[in-house]
Amino acid sequence: MVSKKSKTWHWSQDVHQLFKKIGIKQVAYVPDGGLAKLLERCQADKSMRSVVLTTEEEGVAQMAGAWLGGQRGVLLTQSGGVGNCINMLSMMQECRIPLLSLVSMRGEWGETFPWQVPMGQSTIPALEAAKVIVHHVDQAEKVPETVQAAAKLAFDANRAVAVVISQRISGSGSKG
Amino acid sequence: MAARRKITLDRRKVVANILKDRGDLLLVTGLGAPTWDAASVEDNPNNFYLWGGMGGAVLTGLGLALAQPQRRVLVLTGDGEMLMGVGGLATVAVQKPSNLAIGILDNQRYGETGMQETHTEHGVDLAAMASGAGFQTTSTVYNAAELKTAIPMLYNTPGPVFVDVKVTAEDQPMILPPRDGPTLKHRFRENLLGSI
């Protein structure tokens, strides 16, 4: 493993390895720039099935089906996609089906594109209103351990959990 | 737009026919009448009933089908529920799950809310939408002879398979299976996996 002090280290390396270690078999997503490196690693890994969605709520339902069938999955989404998931999240809460989700923020730290701001600012309140447990992380070094803690809470304690990854880490949309 | 033909099939009889020789089929039902139809046949531990999450039946079926590639998975849902998640047909078609079939009980109505018309009443053709998404096997069924041809497709034809069964829009008695979420989840997983 590349040292975390190395300039070439990226949090997606460790998170991808963690996915393998905890047995993630289905990776559902709508493509997103902040998650692109992780998506590429998962796509290239034959031990997990990558599923591109037309809208993120599909991924919530897919994760329910995966769990019913005995597999673990993860939903990867940009903050804008959280808004597409709200009603479907009721299934996870009502059936206490685990959901591990990674949410890449826009409309937050250093955003320059105004149309990203409304949903970005609604993302965490919307997740919390839908009774999803939120772990917010704004340092790249802390992403892997945060995902690991979230995975335990999801799969061992049967909860819906979102790791919200700050735009401070990805730098997306902040270049003016 | 689909050609207009007379609709005669009774949804309860259709579902009873589909599930008559189900073997070890895993069944996901969409919210509302398809759940009650399945329960009218029997409350089977290989059934997972959605009581909410409208638009999610097909993708729940996809997640299950990918997790259980050796088992046939059937999603039975309504036309309104399918229309809400219609993009999922594209997602499924791209994944090409050979063990997944989708059956629509298409009464051209939103049955739970007072029998208001859905888009299929106005000619929207769900089988054509599935075909356009990339499903190789699709069918629209109007009568008993066509149903007899379509049922083996649901069980045996390499998936994904899509069958839209046109059914009459009469109200049927409600037959309610369990609706406690954790109970439904635990019994399905315990029966399938031997653990919860």
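Close contacts from the range B:173-185, counting a first residue that is more than 12 Å from every other protein chain (Cβ to nearest Cβ) and within 19 Å of residue B:41 (Cβ to Cβ) and a second that is among the hydrophobic types (A, V, I, L, M, F, W, C) and surrounded by 14 or more Cβ atoms within 10 Å (Cβ to Cβ), with Cβ to Cβ under 7 Å and a gap of 6+ residues or different chains, come to B:174/B:36; B:175/B:36; B:175/B:39; B:176/B:36; B:176/B:39; B:177/B:39. Any residue that is farther than 23 Å from residue A:128 by Cα and more than 10 Å from chain B (Cβ to nearest Cβ) - is there at least one of those in the range A:77-90? No, the range A:77-90 contains no residue that is farther than 23 Å from residue A:128 by Cα and more than 10 Å from chain B (Cβ to nearest Cβ). Looking across the range B:169-196 at every residue that is surrounded by 13 or more Cβ atoms within 10 Å (Cβ to Cβ) and closer than 30 Å to residue B:123 by Cβ, the one that is modelled with the lowest pLDDT is identified as B:172. In the range A:59-76, of all residues being surrounded by 24 or more Cβ atoms within 10 Å (Cβ to Cβ) and under 27 Å from residue A:138 (Cα atoms), the one that is farthest from the other protein chains (Cβ to nearest Cβ) corresponds to A:76. Considering only the range B:146-168, I want to know if a residue exists there that is under 21 Å from residue B:14 (Cα atoms), assigned to a helix (DSSP H, G or I), charged (D, E, K, R) and at pLDDT 95 or above. Within the range B:146-168, one or more residues are under 21 Å from residue B:14 (Cα atoms), assigned to a helix (DSSP H, G or I), charged (D, E, K, R) and at pLDDT 95 or above. Those helices (runs of 4 or more DSSP H) of the range A:5-109 in which 2 or more residues are in contact (Cβ under 8 Å) with a residue 60 or more places away in the chain occupy A:11-21, A:79-82, A:86-95.
Within the set B:133, B:169, the sole residue that is within 14 Å of chain A (Cβ to nearest Cβ) and either farther than 28 Å from residue A:94 by Cα or in contact with a strand residue (DSSP E or B) (Cβ under 8 Å, 6 or more places away or on another chain) (or both) turns out to be B:133. Counting only residues that are within 14 Å of chain B (Cβ to nearest Cβ) and small (Gly, Ala, Ser), which one in the range A:2-33 is nearest to the chain's Cα centre (by Cα)? For the range A:2-33, the residue satisfying everything is A:28.
In the range B:59-85, the residue that is nearest to residue A:66 (Cα to Cα) out of those that are touching a Leu at 6+ places or on another chain (Cβ under 8 Å), open to solvent by 20 Å² or more (accessible area, probe 1.4 Å) and within 13 Å of another protein chain (Cβ to nearest Cβ) is B:68. Out of curiosity, is residue B:56 in contact (Cβ under 8 Å) with a residue 24 or more places away in the chain and surrounded by fewer than 24 Cβ atoms within 10 Å (Cβ to Cβ)? No: the conditions fail for residue B:56.
Determine, yes or no, whether residue A:36 is more than 8 Å from chain B (Cβ to nearest Cβ) and more than 21 Å from residue A:157 (Cβ to Cβ). Taking the combined requirement at face value, the residue satisfies it. Applying the set (1) open to solvent by 40 Å² or more (accessible area, probe 1.4 Å); (2) more than 29 Å from residue B:24 (Cβ to Cβ) to residue B:120 leaves exactly one unmet item: (1). The residue that is modelled with the lowest pLDDT, among those in the range A:1-53 that are among the β-branched types (Val, Ile, Thr) and open to solvent by 20 Å² or more (accessible area, probe 1.4 Å), is A:2. Taken as a whole, the condition of being more than 15 Å from residue B:60 (Cβ to Cβ), β-branched (Val, Ile, Thr) and open to solvent by less than 40 Å² (accessible area, probe 1.4 Å) applies to residue A:137.
The values are calculated or read from the model by the stated rules, or taken from the named source; none is laboratory data. For clarity, every value in this text was computed on a predicted model and none was experimentally measured. Positions of Cβ are backbone-derived with ideal geometry, glycine not excepted, and every protein chain shown enters the neighbour counts. Accessible surface is based on the protein model in full, side chains and every heavy atom, while ligands, DNA and RNA are left aside. Shrake-Rupley method; radii C 1.70, N 1.55, O 1.52, S 1.80 Å.
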